[in-house]
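Take a look at the structure below.
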Amino acid sequence: MAPMTTWASNTDGTVSDEEIAYYRLRAQDVGLVITGCTHVHENGVGFTGEFAAHDDSFIPSLKNLAAAAKSGGAPAILQIFHAGVKTRPDLVPEIVAASAVTGDAGPFAPAMTPRAMDEAEILDVIRSFGETTRRAIEAGFDGVELHGAHGFLLQNFLSPHFNIRQDRWGGSLEGRMRFPIAVVQEVNRVIEEHADRPFALGYRISLEESHEDGLRLNESMQFVDRLVETGITYLHASLGNALEDRPIGDDEGRTLVDIVSGHLGARIPMIAAGQIRTPKEAESAIAAGLSLVAVGQGLVMNPDWLLLARTQQEKHISLDIAASDVSRIAIPPKLWKEIEGTVGWFNVRAS
Ligand SMILES: Cc1cc2nc3c(=O)[nH]c(=O)nc-3n(C[C@H](O)[C@H](O)[C@H](O)COP(=O)(O)O)c2cc1C
């Protein structure tokens, strides 16, 4: 199950009953559940109704989520992040990121110009990633996934477009890698200190950015090598289309999955998500080099996607969704509002 925000936590940041029902229904047959993202610091909230994990008071709430996500027997990973330049202005007093470079307006957050973080704030957020990992261990999760994709803080630091710092946290690729790598080191330190069982550390990445001076594959691959050397359990690429995406400027060559999985070789497993809707597509993605396929919208629309796939009932897998489906498949009303209101995202049927 791909990491998916539900917009539906309680107003105090605890996981709601609706979210629990949503996860329970989808967790029954999948091989691994990755939760929607949760902020490690109170100034890094990316979505309304995003459940919180930045304080020990949220451990009981996280325990409920871990139990629901694991209720089908699969392990569960908590996705943790700081929203950086994409932090929502209505949810925090001030937006901070790597540099004061204006973000891009998206469907879920306006374009904002953040304040560049100072050294003490950077160290504080690194520690916060560690603290949230400790809470994930205590809550019963089987790992954490660092959300280094989609233009949030970890990516802001890596990006030549969003990171124009002159200090040790910016400049060359070496400088731009320093923050995400320091987070990986801190999370590993916490796992070493607190986990009494195998505990995974995944890293989700957007391999390229669309800006002319944005991140490109050659730097991402160097970063991936550094992640592997530093110690991650798996790499998770977030792609628009896992079977088709190719590097920017190359419409005909090898796909990103082929290139990156080939580059990783047997070092660590690779997961990717992106438009995998049918069992056939999932099989093609595995054949193309993935170790695991993450299914997002497919599972939102079909909580029993895996069961339908296993029992050769692909013709019953829905590729679209209507308001009349929502309560049957336990979609929280706030998630449905986002799905319905975001044009060009899901295939929404009239009835
Ligand atoms: C409702 C919804 C919420 C999402 N929230 C997150 C999130 O919290 N973290 C994340 O890394 N990706 C998030 N994504 C992206 C998915 O994990 C996935 O990469 C994307 O939907 C493409 O896969 P798909 O075509 O199978 O849906 C979200 C996607 C959807 C549909």
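The values are calculated or read from the model by the stated rules, or taken from the named source; none is laboratory data. This structure is a prediction, so every number in the text was calculated from the model and none was measured. Here the Cβ positions follow ideal geometry from the backbone for every residue, glycine too, while neighbour counts run over all protein chains shown. The area values use the complete protein model at the heavy-atom level, side chains included, leaving out ligands, DNA and RNA. Shrake-Rupley method; radii C 1.70, N 1.55, O 1.52, S 1.80 Å.
Summing charges over all other residues whose Cβ lies under 9 Å from the Cβ of ALA52, with Lys and Arg as +1 and Asp and Glu as -1, gives -4.
Convex hull volume of the Cα atoms in the chain, per residue, in Å³?
Values: hull volume 46.2 nm³, N = 351.
Measuring per residue, one finds 132 Å³ for the Cα hull of the chain.
Heavy-atom surface analysis with a 1.4 Å probe gives the range 229-351 a carbon and sulfur content of 50 percent of its accessible area.
Here the chain is scanned for GluC sites (Glu not before Pro) in DSSP loops (not H, G, I, E, B) that have at most 15 other Cβ atoms within 10 Å, and the longest stretch holding none of them is 95-211. How much mean residue ellipticity at 222 nm does the chain get from its helices, if each DSSP H run of length 4 or more adds -39500 (n - 2.57) and you divide by all residues, to the nearest 500 deg cm²/dmol? When only DSSP H runs of four or more count, the value is -10500 deg cm²/dmol. For the chain, the tally of Lys pairs with Cα-Cα distances below 29 Å comes to 12, considering only residues 8 or more apart or on different chains.
Above 15 angstrom, tally the Cα pairs of the range 70-111 and express them as a % of all pairs, no decimals. So the pairs more than 15 Å apart make up 54 percent of the total in the range 70-111. Using label points projected 7 Å from each Cα along Cα→Cβ, tell me how many nm separate VAL228 and ALA105, to one decimal. In this crude label model, VAL228 to ALA105 measures out at 4.1 nm. Farthest towards the positive end of the charge dipole of the chain, among the residues GLY298, THR342, THR311, is the Cα of THR311, using unit charges on the Cβ of Lys, Arg, Asp and Glu. Taking all protein chains into account, the per residue accessible area for the chain stands at 41 Å² (1.4 Å probe). Between LEU153, ALA69, ILE268, the Cα set farthest toward the positive side of the dipole of the range 17-341 (charges on each charged residue's Cβ, about the Cα centre) is that of ALA69. For VAL348 and ALA67, the difference between the fully extended length at 0.36 nm per residue and the C-alpha to C-alpha distance is 98.1 nm.
In the neighborhood of GLY202, defined by Cβ-to-Cβ distances under 12 Å, what is the net charge if each Lys or Arg adds +1 and each Asp or Glu adds -1? That works out to -1. Normalised by the number of residues in the chain, the mean separation of alpha-carbon contacts (under 8 Å, six or more apart) gives a relative contact order of 15 percent. FRET efficiency for the pair ILE286 and SER210, taken as 1/(1 + (r/R0)^6) with r the Cβ-Cβ distance and R0 = 30 Å, rounds to 0.60.
Could you check how many percent of all C-alpha pairs in the range 24-137 are farther apart than 17 Å? That fraction is 58 percent. The magnitude of the dipole of the chain, with charges of +1 and -1 set on the Cβ of Lys/Arg and Asp/Glu and taken from the Cα centre, is near 640 debye. As an equivalent ellipsoid, the range 218-317 spans semi-axes of 27, 15, 11 angstrom, where each value is the square root of five times an eigenvalue of the C-alpha gyration tensor, largest first.
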